[in-house]
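Novice: My questions will all concern the structure given below.
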Amino acid sequence: MRLRNIFPAVWRQIRVFLNRPTTRKVLGLILFFSITMAILFSNFTPKQTTFRPDEVARRNIQSNVNAIIIDEKQTDELRNQAASKVQKVYQEDKYAQPNTINDIKSSYQGINEIINSNDDPETSLAVFLNNNHQEGRFELTTNIADLAKYLLQIAPEDIKMIENVSINIAREITNKPITEEALLGVYEQTDLKISDIPYSYQAKEVVRIITINSIRPNLIYNKEATDKAIKEAVDAVQPVQKTIKVGEIIVREGNRVTPEQISMLEQLGLQRSKGYPLTLMGVAVFVLLTFWVIIEFIRRYYKEIYENDKQMLLIGLILVIILLITRFLTVIKIGDQPELNALMGYLAPVAAGSMLLAILLDNRLAFFITIIMSIYVGLLTNGNQLFYGIAAFMGGTAGIFKVYKLSQTSDLAKSGLFVALINIITITTLSFISGTVSLNIVLVGIVIGAVNGILSAVLMIGALPYLESAFSITSMIKLLELSNPNHYLLKRLLLEAPGTYHHSLMVGNLAEASAEAIGANPLLVRVGSYYHDIGKIKRPEYFVENQRGFDNPHEKIAPALSALIITSHVKEGIELAKEANLPDDIIAFIEQHHGNSLAKYFYNMAMEEDEEGRISEDSFRYEGPRPQSKEVALVMLADSVEAAVRSLKEPTTASIKEMIDKIVKDKLNDGQLDLCDLTFRDLHTISESFATILEGVYHKRIEYPEIIVKEFEKRRASYGDYDNKSAE
């Protein structure tokens, strides 16, 4: 029993969770994100190969695009050559020569100190000379012990002379650049110079030991500067480029695949690189980013659409359908000519989605979504993806411009021709830019551009009625259909309540004239005006515009009943509208065009007859609700103004303006305009527009001057005499 109680409770919680607006939006986002990713992944996955070096190709791999790729092997060779030619960078050591001279002086000072000591100088000198002799720099021609004995035998002045010789030779040698690599050569030069001095061989050996041991490089290797120079030389090498044509075979069947060929395939997007998972992740992040941009754009600038789950679903549905059709079209091949097959990307029917969004929702929103769809077209197609995206954007934008303001349903077919024309111009121009111009390509491009425009129009016209019905949207096409005088409700209104019919036409003219100026929908205002009083069909004789002669049925019934009959035309109009399946947007005009205003005439009459004060004002008011949009409020004002001005006995410019201002002020003071977003500036614009039109309708005829009247009578008399003579 407990399990039975638990499951219904859990199900209720799930239903509550799923019914939350945020939950629905998140689930919808996940759904469309998944579908979009699947469509895009289908373009990446099957067409990429996974060759390895030295693998035997099982089929020919051709390029499907015209592209310029980099020959990495030749580029690396050139870069290595440039790096090898860079000379090492050295930094001058200004202290190298002074340090060499100081070392020589210190050595001879040490010899003198050893000679002057009372210990065993010979042994000490031998050790000292042996320590200063570096193996490999030169070869001694005598014994170290003999050199020690020689130094003990010569005078101090001779040692000083030997020291000066060592210093002079070292100074001469170190005046030239010396690097670490050049030291062996410098040692050989020094040895040759010492060999040329006119001294005994023992003296030469002492000079050789002290001098060569003291010489050091005066140019120090700068690794950082050298590496920088190598990098600059490598960077200066321009990559070796190679032009690949559409249809060119990169890998031939039966041949071993080389690393160079794999590199070419990767650059052409035909080889699945090691970063394939990263590619997929990047696409996923990009799609998520575009979805966020779309949602944020709608949330900021179209809050009503954002809060309407059906309309958000419609946007996602149109986007996905266009992507699916585009993906399907990219699979189609025209024979075995890669150049022509590459043009199939121009068939993407983005214009169909753009026009549907413009007609069903908003043209500016459609323009923004067109940009996103064009980017997706670039991702879905192969070849010159930028050009395909540009063509899709131009066609979609052209479609939006063409359906922005529809005056008749035939404009839908014309929009397809206009899109086709723009497509042809765009594709031809892009062919010129790419430089791949040939008669066949241009002709096929023209055909594809025309097919795209016609296909977009067919898709749009075919899908429009179904989307209108499924998402309860009153589009411009639906409004144009409803504005047709042949609609059976309008026919009934004309035949059964002709006065109301003409009144509705006048209201439509008044309201439509100022609709665009205040940011309202003129077409919706006009159609709403046509149908706002269809409830009067039930009892047309009770409304003054339909009464002929002096027979007024209200004179025979109580004011309360008269008010009930008058106010009931709203409810009866709603019933007729629902029976005729009129859109909710039009029913709103019928329901709200009187708001909850007071039927003043019958209320005042009832007040005069009521002696006990039992009359309630509420029983003489319309049920409402009050107008909740600019369009309905505009029709309310036009309805009241037209009826009031028509009741004026002698309408003049002043009296018309006065009446308009009075009615607008009364509606404002009665709170009838509180729920719509009309501003005082809008009300002023509306009043001015009403006055202009009504002054033209009720203008006085021109009074001709007396002299013109007399001339007219004179000519008519002469024509009469002529006719009489002809008869005789």
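Novice: Counting only residues that are in contact with a Gly (Cβ under 9 Å, 6 or more places away or on another chain) and of a type in the set (A, V, I, L, M), how many does the stretch 391-447 have?
Specialist: Result for the stretch 391-447: 12.
Novice: For the stretch 476-491, what are the residues that are buried (at least 16 other Cβ atoms within 10 Å of the Cβ) and either part of a helix (DSSP H, G or I) or assigned by TED's automatic domain parsing to the domain that holds L361 (or both)?
Specialist: M476, I477, K478, L479, L480, L482, L489, L490
Novice: While we're on this one: Filter the stretch 446-465 down to residues that are more than 26 Å from the chain's Cα centre (by Cα) and either more than 16 Å from I325 (Cβ to Cβ) or assigned by TED's automatic domain parsing to the domain that holds V527 (or both), then give me how many there are.
Specialist: 3
Novice: Something else: Would you please list the contacts, defined by Cβ atoms under 7 Å and residues six or more apart or on different chains, that run from a residue in the stretch 188-202 that is of a type outside the set (G, A, S) to a residue that is outside any helix (DSSP H, G or I) and surrounded by 15 or more Cβ atoms within 10 Å (Cβ to Cβ)?
Specialist: T190/I215; D191/F138
Yes/no matrix, rows are residues, columns are (1) surrounded by fewer than 18 Cβ atoms within 10 Å (Cβ to Cβ); (2) within 18 Å of Y302 (Cβ to Cβ):
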| position | (1), (2) |
| --- | --- |
| A358 | no, yes |
| N363 | yes, yes |
| G399 | no, no |
| Q408 | yes, no |
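Novice: Let me ask something additional. Identify, by number, the condition in (1) buried (at least 17 other Cβ atoms within 10 Å of the Cβ); (2) without any contact (Cβ under 8 Å) to a residue 12 or more places away in the chain; (3) within 25 Å of L319 (Cα to Cα) that S469 doesn't meet.
Specialist: Answer for S469: the failing condition is (1).
Novice: Residues that are assigned by TED's automatic domain parsing to the domain that holds I454 and among the polar types (S, T, N, Q): which helices (runs of 4 or more DSSP H) entirely in the stretch 277-389 hold 1 or more of them?
Specialist: Helices (runs of 4 or more DSSP H) meeting the threshold: 309-331, 338-341, 350-360, 363-380.
Novice: Give all pairs with beta carbons closer than 9 Å in which a residue from the stretch 569-591 that is in contact (Cβ under 8 Å) with a residue 12 or more places away in the chain meets a residue that is acidic (D, E) and surrounded by fewer than 22 Cβ atoms within 10 Å (Cβ to Cβ); count only pairs at least 6 apart in sequence or on separate chains.
Specialist: Taking only residues 6 or more apart or on different chains, the pairs are V570/E623; K571/E623; P583/E468; E591/E623.
Novice: Here is a check on your reading of the model: is D677 surrounded by 10 or more Cβ atoms within 10 Å (Cβ to Cβ), at pLDDT 50 or above and in a loop (DSSP other than H, G, I, E, B)?
Specialist: Answer is yes for this residue.
Novice: Tell me which residues, restricted to the stretch 617-641, are over 13 Å from D585 (Cβ atoms), of a type in the set (D, E, K, R) and either in contact with a Pro (Cβ under 8 Å, 6 or more places away or on another chain) or modelled with pLDDT of 90 or more (or both).
Specialist: R626, D639
Novice: Please verify whether D309 is under 16 Å from G28 (Cβ atoms), surrounded by fewer than 19 Cβ atoms within 10 Å (Cβ to Cβ) and at pLDDT below 90, treating the condition exactly as stated.
Specialist: So D309 passes the test.
The values are calculated or read from the model by the stated rules, or taken from the named source; none is laboratory data. If you're wondering where the values come from, they're calculated on a predicted model, not measured in any experiment. Don't worry about glycine lacking a Cβ; one is built from the backbone with ideal geometry, like all the others, and counts go over all protein chains shown.
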